[in-house]
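We did not get these values from a lab; they are worked out from the coordinates using the rules stated. Bear in mind the structure is a predicted one, so any value in this text is a computation, not a measurement. Every residue, glycine among them, receives a Cβ derived from its backbone with ideal geometry; neighbour counts consider all protein chains shown.
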Amino acid sequence: MRVWVYAIWKACSSKKGISALQLSREMEITHKSALFILRRIRHGMGEIYQPKLTGTIEVDEVYIGGKPRYGMKPGKTGRGTEKTPVVGIVQRNGDVRFQMMQRITAENIGKFVAENADLSCRMITDELPVYNRVDGHSKEDTSE
């Protein structure tokens, strides 16, 4: 209990928080334990209820992964790669939400948008066909 209370106090009292290494040194616990405690504290301090995004929203997907090694042939980019797909949604002059997905499908994106955005908002996307099937949203294509 002493470790948890001290960790909460250190995480809240300092301007930039505290690192797990610093906490492990000060409390004389392992780095793994300090990392676990700080993750639990940060998770507990997160917002429980986030209001849905309204107004004009933008939705896009990105594939995250490392660069090929030096000297290797460049492979495929975007869809069809082994990279991890992430979908992001942003409200103009507002909040950002993102989620890692197993696959980019119309069903997955539709569920993500419905959970995070009001159905009356205006949605701006690129020309990927999966956005055409997102129910309840007026979609506007933008080509950049």
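Note down the net charge around Arg2, summing +1 for each Lys or Arg and -1 for each Asp or Glu among other residues with Cβ under 14 Å from its Cβ.
Residues near Arg2 contribute -1 overall.
Could you tell me which of the pairs Lys32/Lys83; Lys10/Lys83; Lys32/Lys52; Lys15/Lys52; Lys83/Lys111 are separated by over 31 angstrom between their Cα atoms in the structure shown? Could the numbers behind the result be given before it?
Details: Lys32/Lys83 28 Å; Lys10/Lys83 37 Å; Lys32/Lys52 36 Å; Lys15/Lys52 29 Å; Lys83/Lys111 22 Å.
The pairs that break the limit, which is 31 Å between Cα atoms, are Lys10/Lys83; Lys32/Lys52.
Please compute the net charge surrounding Gly17, taking Lys and Arg as +1 and Asp and Glu as -1 over other residues with Cβ under 9 Å from its Cβ.
Values: positive: Lys10, Lys15, Lys16, Arg42; negative: none.
Every neighbour counted, the sum reads +4.
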